[in-house]
Amino acid sequence: MLPHSRYDSGVTGRPSLLRLVFWCIAIYLWVALGLFWFKSALLTMIVYHVALCGGGWLLLRSRRPLRFNITQSGVAVFALITGFVLTWIVMEYILPLLPAQALPDVTTRPLDALGLNARSYLPIAVYFGLMNPLAEEALWRGRVLPILADARSATPNLLHAIIFAGFHVMPITFMFSALWLPALVVLAAGFILGATALLSRGLLVPWAFHAGANAYLLIWFGRFIHAGS
């Protein structure tokens, strides 16, 4: 992890922390409305990404934000493959080892209530695959992580990973009855993405890792949705 001095801005970071708290609460509420009130996966994703790209860029400020660095394209290719392979291992070899009650239930078709079915999955998957890694890396690693480091937090990457995992718990509830495993997986993923952002001092490498992981998740979810249709 990079030392805090690389992010020191000469300010306490308290206003940015307050805006971060407000922003997180607002997005939690919007995502909850999309999932549990409007019951639309597509609407939830669009609102989430608009909040990330719009509200996040307007509200969240850091004196040392992380940005995309195209000079790291070689490392990014390796990260893309690594993200895909690690996700394949987790979903195909680790997940089946869990007790049956911890696995996704394909018989109740819980995602169909959100508009995710065999007919709608392809356009939603294309949108998600293209937009989600870009929006999440630009804000979670590009703004949230530096803000926590600006505030001289002892563990900025862990804190950012916990907040990142929290946003993924609500969608997970539609698939898993036991939330502890997917929550831990997302927490670990957030920590890995944050570490790659700090070590590479940019967003291209974590974006590539994220895109690779999402690519396999979309393949896996496609099988899941077709099995439940």
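The values are calculated or read from the model by the stated rules, or taken from the named source; none is laboratory data. In this text, all values refer to a predicted model and were calculated from it rather than measured experimentally. Cβ coordinates were reconstructed from backbone atoms using ideal geometry, including for glycine residues, and neighbour counts include every protein chain displayed.
Assorted remarks:
- Leading residue by the ranking (surrounded by the fewest Cβ atoms within 10 Å (Cβ to Cβ)) among those in segment 206-228 that are over 15 Å from residue 128 (Cβ atoms) and at pLDDT 95 or above: 208
- If you go through segment 46-78 and pick out every residue that is within 16 Å of residue 135 (Cα to Cα) and polar (S, T, N, Q), you end up with 1.
- Residue that is modelled with the lowest pLDDT, among those in segment 31-67 that are among the aromatic types (Phe, Trp, Tyr) and surrounded by fewer than 17 Cβ atoms within 10 Å (Cβ to Cβ): 57
- Test: residue in segment 178-189 that is part of a helix (DSSP H, G or I), closer than 17 Å to residue 20 by Cα and at pLDDT 90 or above: no
- Taking the numbered list (1) of a type outside the set (D, E, K, R); (2) surrounded by fewer than 16 Cβ atoms within 10 Å (Cβ to Cβ); (3) farther than 24 Å from residue 146 by Cα in turn, residue 71 passes all entries but (3).
- Count - residues of segment 175-199 that are among the hydroxyl-bearing types (Ser, Thr, Tyr) and surrounded by fewer than 18 Cβ atoms within 10 Å (Cβ to Cβ): 1
- Residue identified as modelled with pLDDT of 90 or more, crowded, with 16+ Cβ neighbours inside 10 Å and not hydroxyl-bearing (Ser, Thr, Tyr) among 84, 78: 84
- Selection of segment 92-119 for residues being surrounded by 13 or more Cβ atoms within 10 Å (Cβ to Cβ) and either at pLDDT 85 or above or within 23 Å of residue 53 (Cβ to Cβ) (or both) yields 114, 115, 116.
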